[in-house]
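The values are calculated or read from the model by the stated rules, or taken from the named source; none is laboratory data. All figures in this text were calculated on a predicted structure; none of them were measured in a lab. Backbone-built Cβ (ideal geometry, glycine too); neighbour counts: all protein chains shown.
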Amino acid sequence: MARINLLPWREEERAEKAKQFGMSALLTAIVGAVAVYAGVHYASGKIDHQQARNAYLQSEIDNLKKDLREIEELESTKADLLARMDIIQELQARRPQVVHTFQELAERVPDGVFMMSMKQNKDVLAFEGKADSNARVSTLMRNLGASDWFKQPGLELINSRNSKAGISSFKLRLSQSVAKPDEEQ
């Protein structure tokens, strides 16, 4: 049989396959590196884009918070002004009340009744006075109860024991009606 030496051919084929394998591995490594770089660059771009959107949203949130604080300050100022306006309107409504109170008292106090003192605590009036008789005190209470400016007259004390010449001293308490602006006109 003839002897053919195939070793160099096999060696060349192995070297060629190793060279092709090295080139394939190198090409795969390069393609993989490029793919990884492209993926990292794409992800980095997305992250930067999202961070820019987050920064924009945060700046808008800060602007809205500032606007909200301004609105709250304006609402607080508005509430203060409305409270002041209510107080002014209440004072305006009560301004003629003193005049009406004294006018009603002058008209409603019967003869023989003398008012010695008057105290006011908010809408409650307390009177101390003297009367010729208990009937005159009753007439005073009826007259005050019939008034549009007074309500709920109540007698706290009547003392006729230690009086001279039949004069009784009394204490009377009643509430004032607050007139509404359209009622006064």
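What to note about this one:
To keep it simple, each residue is scored yes or no on (1) at positive phi; (2) assigned by TED's automatic domain parsing to the domain that holds residue 159.
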| position | (1), (2) |
| --- | --- |
| 62 | no, no |
| 65 | no, no |
| 68 | no, no |
| 72 | no, no |
| 78 | no, no |
| 102 | no, yes |
| 112 | yes, yes |
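- Residue 101 meets the conditions (1) surrounded by 12 or more Cβ atoms within 10 Å (Cβ to Cβ); (2) over 38 Å from the mean Cα position of the chain (by Cα); (3) of a type outside the set (Lys, Arg) in every case but one. The failed one is (2).
- Among the residues of the stretch 105-141, those that are of a type in the set (Lys, Arg) and surrounded by 12 or more Cβ atoms within 10 Å (Cβ to Cβ) comprise 108, 130, 136.
- Test: residue in the stretch 92-110 that is more than 30 Å from residue 170 (Cα to Cα) and without any contact (Cβ under 8 Å) to a residue 24 or more places away in the chain: no
Table: residues versus (1) assigned to a strand (DSSP E or B); (2) under 11 Å from residue 176 (Cα atoms).
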residue: 102; (1), (2): no, no
residue: 120; (1), (2): yes, yes
residue: 127; (1), (2): yes, no
residue: 130; (1), (2): yes, no
residue: 138; (1), (2): no, no
residue: 144; (1), (2): no, yes
residue: 147; (1), (2): no, yes
